[in-house]
1. Once amide H atoms are built 1.01 Å from N in the peptide plane, which residues 5 or more positions from VAL79, or in another chain, come under 5 Å H to H?
2. Kindly express, to the nearest 10 degrees and within the range 0 to 90, the angle between helix 15-35's C-alpha long axis and the longest C-alpha principal axis of the chain.
3. Among (1) 1.75; (2) 1.46; (3) 1.19, only one was calculated for this model; which label is it, if the read-out is Cα Rg over 2.2 N^0.38 Å?
4. What distance in nm separates the simple spin-label points at ARG12 and HIS91, each placed 7 Å from Cα in the Cβ direction?
5. If we sort 68-80, 26-38 on the protection proxy, mean other Cβ atoms within 10 Å, highest first, what's the order?
Amino acid sequence: NLLMAAIEDPDRPNEDQAAQAVSAEVDGLIEVIQKSQADWLVVSNEVGLGLVPPNPLGRLYRDLLGLTNQRLAAQADQVIWMVAGIPVPIHPFRS
């Protein structure tokens, strides 16, 4: 929904405009998580392991979701990748 609201033409999405909108939303989420005393569990899709989407909007979604997942993983104490229902621990990177 955020991506669709940030672009005018799905056939020719403005990648910079969409990236700025998504980045701002992720910034806000990270800020809330850092200020919170609660334990957070973030669940996301992994869409970068399959075929390359045939259209520009699909490729943009894949790329922005991948960047979002990287940013959230970098902030996490623990990252688990689920493969066929099997948890695979991933050690988060720190920059």
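Nothing in this text is a laboratory measurement; each read-out follows from the coordinates by a stated rule. Computed from a predicted model, the values in this text were never measured in an experiment. Virtual Cβ from ideal backbone geometry, glycine too; neighbours counted across all protein chains shown.
1. Those lying under 5 Å, H to H, from VAL79 are ILE90.
2. Helix 15-35 sits at roughly 20 degrees to that axis.
3. (3)
4. Those two pseudo-labels are separated by 4.7 nm.
5. 68-80, 26-38
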